[in-house]
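Below: the structure, in structure tokens.
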Amino acid sequence: MNDPRPTEWKQFIPSDALPWDLRRIHHLHRRAGIGATWGELQRDLQAGPEVAVDRVLRGGNATDDFDSLQRLIGDAAVSSGDINRLKAWWFYRILYSGDPLIERMTLMWHNHFATSNLKVANVAMMKRQNDLLRRHAMGKFGDLLRAVIKDAAMMVWLDANANRKGKPNENLSRELMELFTLGVGHYSETDVKEVARALTGWTVRGGDFEHVPAYHDDGTKQMLGEQGDFDGDDVLAILLKQEPPARRIAMRLCEVFFGEDVITDDALDELASGLRDHDLDIGWAVETILRSEAFFSEDNIGNRVLDPVQFMIGPLRALEMLDPPPSTLLLAEWASKLGQDLFYPPNVFGWPGGRSWLTTRTMIGRANYVSALCRGELHRPNRPPDIAVLAKKHGFSTPADQSKFASRLLLGHENATGDMKAILRRPASQLG
Amino acid sequence: MKTNRRRFLGHGSAVVLGAMPSLVSRAVMADEGTRSNRNGKILVVIQMSGGNDGINTIVPYADEGYAKHRKKLRLPTDRLLKINDSVGFHPSMRSAADLLEQGKLGIVQGVGYPNPSRSHDTSMAIWHSAQVGDEDVLRSHGWLGMAMDAARKKTDDPDMILVGDESQPLAIQSRRSTAVTLSSLTDLRLRQPAHAQPKPTSDQASEFSLAQFVDQTMQDAIATASALERNTEGGADGSAKYPTTRIGRRMQTISTMVKSGFQTPIYYAIQSGYDTHAAQLPSHSRLLREFSDATKAFLDDIEASGLSDQVCVMGFSEFGRRVAENNSEGTDHGTAGPVFLAGNRVRSGLTGTTPKLTDLVDGDLQMSTDFRNVYQEVTQAWLGISELQAAESPSSLKLFDA
């Protein structure tokens, strides 16, 4: 980062107050990735923050046959028409892609552009949207927005097909402005109507986006103070040059990478302004965040409720339970019990996240997940993890050392007592 | 951010999730095992899927059209459970008749909407969304979902719960409220109660309020799970007897959740099978018995728990059947039918005009009450949500006691 201005986003440089220690590395992997093995923690401890963050940003480490296998699994899910198999495919990616950050970002955009198969009812469309979100997850927001608004699943979800000249449907228009770009207060009800008119003609035929000129209202529209015979592309161009989208993206990213009350309004404004200067480059913003002192600050460690996917997969990775693979169908089922049913966000607002992940039902679900994990029930046949063997493998042979090892591996510090199960059931295991 | 969940314990005693310390159990005992949403009203909707034959449900036995149109399907007058000198319950609805006698059952007659659709899907979508029109009308949200959106009363538990294994009905879909499906109580049971764990003292995070929140949520979840265990073991005093039917089990699940302190205001259960095109008598009889028995068992159970002023059950179907029977000893898709409201606070008895079987439109009953007016009463008078858009036309319908 060579930004010359005085900044809320100054780079993290280890110091006596903010040492580059196991706790911060654990934090990096837990917050920006989906947990880490002991080997990865040690490797990054040696390498220092620059290289460690590079690795998170770059990804890598996927096995050679990952791509062909994930393609096989994804295609089979699509041809089966079984959405559970598509959920399992995503879990396969999360477990084995070697680039957990991209999967986290894809999940973030799945939440931002929340589209549910409940209405779309089409596995192929849901997969295409997911591929699209992943492809643009760290790119320019403009490219992402242009792709996702013309995405078949999105168009079905927000009734684009019903939006015709003479009888506009405002669903897509409203959410485009309220949820995807501007936010409440930055547009009027007239804008909603006018943008709906401009979006007429964009429709889905045979499962694909199609522009049907006969459906398009080519009259003059007025939106956000501009006037013209706008079509959908014009609308997106106008929206993308407004001020608010950058701040909404910045907020989304800060929800993902920061805990409660860490980021000040000033910091958010500065990140938004940086996004505007960088053509809404999401990758730039993510890198700025992950290299920042704010990200590694004391306040930001362990003060965010882990979303169900992180909560579930973190220990699986840390405990090296991926070979042989756990049942990804079971993982998808558990995620649903824990309140994060992939491809079924609760509504257009997506999962509210944060503290709302934790309810009576999902807390009980989390406890039961830990039981299942410790009993090895995520594998078929059962394969309970053996922390003592793992500890020995990494050079901890006495029971006292093994207990410390479990605490450091799973929580990033050695203060927790008790066995693996006890640690995983602590309040601290819900946070990260 | 919400932090104040139900409190059974003071702050600060960190409990390890999965443990069931005696402290928690005692605290729950002290609260008599019912941790209910004490102020909030609860609505339980039973969807009678398939199109219930309202004519053979609330039977207009004195109407000369009844014997005329129902030859094989006519229920003998002497077996009906008479409500007054012109209508009576289907003989298998003994439980419903008992509820009526106790002043706990309201029957709204002839409920429907203009230009009725005879398609299951369209008519159900109309009832779900409260948007009348053909199948092309876009219906993104349900009437209960919209009610919850308008109420904006956020609790930690879902706004709406479908109890069953069907996919979520449009009725509980919304723009921003939460609806979840719960197929069984297993998902709400701690699989491994285990032993008490020593209170962790050295977690660095536990000084922060977020950690306290997590801790509190865990304690609440454990307390709920333990209340649930006890409520599952045969009800408050073992007196709750549910029929072992699917709808019976679902109603029992709902009552267990209500008694265990779930804050959810809307529960939804589906009873299928009402599409009686052939050999209707035995199946319809069974369905009505199951519906009535489950409803009565549920309300008895709720009453034994002292929660009867908070709970109301509503039963509806997407349409009635045609007045004239078909040639297969069944009935085809028709129009208006009865809606049931059951509970301590409902205005008991018959409401609305009894449909006349001699005054038909194309062989179908004319509706006398618009279902949107029923919804309006339920949302406003029962759920206390007045922010919703009013029904098409105002009505003087009064379905609840003041």
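The values are calculated or read from the model by the stated rules, or taken from the named source; none is laboratory data. What you see is a predicted model; the values in this text were computed from it and never measured. Heads up, the Cβs are rebuilt from the backbone with ideal geometry, glycines too, and the neighbour counts pull from every protein chain shown. Accessible surface is based on the protein model in full, side chains and every heavy atom, while ligands, DNA and RNA are left aside. Shrake-Rupley method; radii C 1.70, N 1.55, O 1.52, S 1.80 Å.
Restricting to the stretch A:355-393, give me the number of residues that are under 24 Å from A:K404 (Cβ atoms) and β-branched (V, I, T).
Of the residues in that region, 3 qualify.
What are the residue pairs meeting all of these: first residue in the stretch B:167-180, first residue more than 7 Å from chain A (Cβ to nearest Cβ), second residue crowded, with 22+ Cβ neighbours inside 10 Å and among the hydroxyl-bearing types (S, T, Y), Cβ atoms under 6 Å, and 6 or more apart or on different chains?
Every condition considered, the pairs that remain are B:I172/B:Y268.
Return only the number of the condition from (1) open to solvent by 50 Å² or more (accessible area, probe 1.4 Å); (2) away from chain B (no Cβ under 14 Å); (3) modelled with pLDDT under 95 that A:P213 does not satisfy.
(3)
Can you say whether A:A388 is in a helix (DSSP H, G or I), touching a residue at least 12 places away in the same chain (Cβ under 8 Å) and either buried (at least 18 other Cβ atoms within 10 Å of the Cβ) or of a type in the set (F, W, Y) (or both), as far as the supplied structure shows? Before the answer, list the steps.
Details: in a helix (DSSP H, G or I): yes; touching a residue at least 12 places away in the same chain (Cβ under 8 Å): yes; either buried (at least 18 other Cβ atoms within 10 Å of the Cβ) or of a type in the set (F, W, Y) (or both): no.
Judged against the criteria, A:A388 is not a match.
Kindly check whether there is at least one residue in the stretch A:408-421 that is small (G, A, S), facing chain B (nearest Cβ under 10 Å), open to solvent by less than 20 Å² (accessible area, probe 1.4 Å) and in a helix (DSSP H, G or I). First the steps, then the outcome.
Within the stretch A:408-421, the first condition is being small (G, A, S), and the residues that meet it are A:412, A:416, A:418.
From what's left, facing chain B (nearest Cβ under 10 Å): A:412, A:416, A:418.
Checking which are open to solvent by less than 20 Å² (accessible area, probe 1.4 Å) leaves us with A:412, A:416.
In the following step, the residues that additionally are in a helix (DSSP H, G or I) were identified as none.
The answer is no, given that none of the residues of the stretch A:408-421 is small (G, A, S), facing chain B (nearest Cβ under 10 Å), open to solvent by less than 20 Å² (accessible area, probe 1.4 Å) and in a helix (DSSP H, G or I).
Among the listed residues A:R426, A:R375, A:R383, which satisfies the condition of being touching a helix residue (DSSP H, G or I) at 6+ places or on another chain (Cβ under 9 Å) and either at the interface with chain B (Cβ under 8 Å from one of its Cβ atoms) or of a type outside the set (A, V, I, L, M, F, W, C) (or both)?
Details: A:R375 fails: touching a helix residue (DSSP H, G or I) at 6+ places or on another chain (Cβ under 9 Å); A:R383 fails: touching a helix residue (DSSP H, G or I) at 6+ places or on another chain (Cβ under 9 Å).
Going through A:R426, A:R375, A:R383 in turn, the sole match is A:R426.
Spot the failing condition for A:L179; the list is (1) over 17 Å from A:K241 (Cα atoms); (2) within 14 Å of another protein chain (Cβ to nearest Cβ); (3) buried (at least 16 other Cβ atoms within 10 Å of the Cβ), and only one is missed.
So A:L179 meets the others, but not (1).
In the stretch A:84-182, which helices (runs of 4 or more DSSP H) lie fully inside it and hold 2 or more residues that are aliphatic (A, V, I, L, M)?
Values: elements: A:100-112, A:117-120, A:123-136, A:141-149, A:152-157, A:171-175.
Helices (runs of 4 or more DSSP H) meeting the threshold: A:100-112, A:117-120, A:123-136, A:141-149, A:152-157.
How many residues are within 14 Å of chain A (Cβ to nearest Cβ) and either modelled with pLDDT of 95 or more or open to solvent by 10 Å² or more (accessible area, probe 1.4 Å) (or both) when one looks only at the stretch B:255-287? Please lay out each step first, then the result.
First, the residues of the stretch B:255-287 that are within 14 Å of chain A (Cβ to nearest Cβ): B:256-264, B:267.
Remaining after also requiring either modelled with pLDDT of 95 or more or open to solvent by 10 Å² or more (accessible area, probe 1.4 Å) (or both): B:263, B:267.
Number satisfying all stated conditions: 2.
If we scan the stretch B:381-392, do we find a residue that is of a type in the set (S, T, N, Q), over 30 Å from B:S305 (Cβ atoms) and either open to solvent by 40 Å² or more (accessible area, probe 1.4 Å) or in contact with a strand residue (DSSP E or B) (Cβ under 9 Å, 6 or more places away or on another chain) (or both)? Even if it seems obvious, please write down each step before you answer.
Here is the first cut: in the stretch B:381-392, the ones of a type in the set (S, T, N, Q) are B:386, B:389.
Subset that is over 30 Å from B:S305 (Cβ atoms): B:389.
If we keep only those that are either open to solvent by 40 Å² or more (accessible area, probe 1.4 Å) or in contact with a strand residue (DSSP E or B) (Cβ under 9 Å, 6 or more places away or on another chain) (or both) as well, we get B:389.
Yes - at least one qualifying residue is present in the stretch B:381-392.
Any residue at all in the stretch A:366-384 that's touching a strand residue (DSSP E or B) at 6+ places or on another chain (Cβ under 6 Å) and either buried (at least 20 other Cβ atoms within 10 Å of the Cβ) or in contact (Cβ under 8 Å) with a residue 60 or more places away in the chain (or both)? Quick ask: steps written out before the conclusion?
First, the residues of the stretch A:366-384 that are touching a strand residue (DSSP E or B) at 6+ places or on another chain (Cβ under 6 Å): A:367.
So of that shortlist, the ones also either buried (at least 20 other Cβ atoms within 10 Å of the Cβ) or in contact (Cβ under 8 Å) with a residue 60 or more places away in the chain (or both) come out as A:367.
Yes, because at least one residue in the stretch A:366-384 is touching a strand residue (DSSP E or B) at 6+ places or on another chain (Cβ under 6 Å) and either buried (at least 20 other Cβ atoms within 10 Å of the Cβ) or in contact (Cβ under 8 Å) with a residue 60 or more places away in the chain (or both).
Restricting to the stretch A:342-353, and then to whatever is in contact (Cβ under 8 Å) with a residue 60 or more places away in the chain and more than 7 Å from chain B (Cβ to nearest Cβ), can you tell me which residue is most open to solvent (accessible area, probe 1.4 Å)?
Looking at the filtered set, the residue picked out is A:Y344.
Taking the condition more than 10 Å from chain B (Cβ to nearest Cβ), closer than 26 Å to A:G302 by Cα and either under 29 Å from the mean Cα position of the chain (by Cα) or surrounded by 24 or more Cβ atoms within 10 Å (Cβ to Cβ) (or both), does A:Q402 pass?
So A:Q402 does not fit the description; no.
Which is part of a helix (DSSP H, G or I) and open to solvent by 10 Å² or more (accessible area, probe 1.4 Å), of A:G302, A:G339, A:G314? Give the derivation first.
Values: A:G302 fails: part of a helix (DSSP H, G or I); A:G339 fails: part of a helix (DSSP H, G or I).
Every option except A:G314 fails the conditions.
Could you identify the single residue in A:T398, A:T328 that is among the hydroxyl-bearing types (S, T, Y) and without any contact (Cβ under 8 Å) to a residue 40 or more places away in the chain? Walk me through how you get there before you give the answer.
On the way: A:T328 fails: without any contact (Cβ under 8 Å) to a residue 40 or more places away in the chain.
After ruling out the rest, the residue left standing is A:T398.
Which residue pairs have Cβ atoms closer than 6 Å, lie 6 or more positions apart in sequence or on different chains, and pair a first residue in the stretch A:181-206 that is closer than 19 Å to A:R146 by Cβ with a second residue that is among the aromatic types (F, W, Y)?
A:A198/A:F230; A:T200/A:Y215; A:G201/A:Y215
Say we look at the stretch A:95-132 and pick out the residues that are closer than 21 Å to A:P315 by Cβ and in contact with a Pro (Cβ under 9 Å, 6 or more places away or on another chain); which of these is most open to solvent (accessible area, probe 1.4 Å)?
Within the stretch A:95-132, the match that is most open to solvent (accessible area, probe 1.4 Å) is A:Y96.
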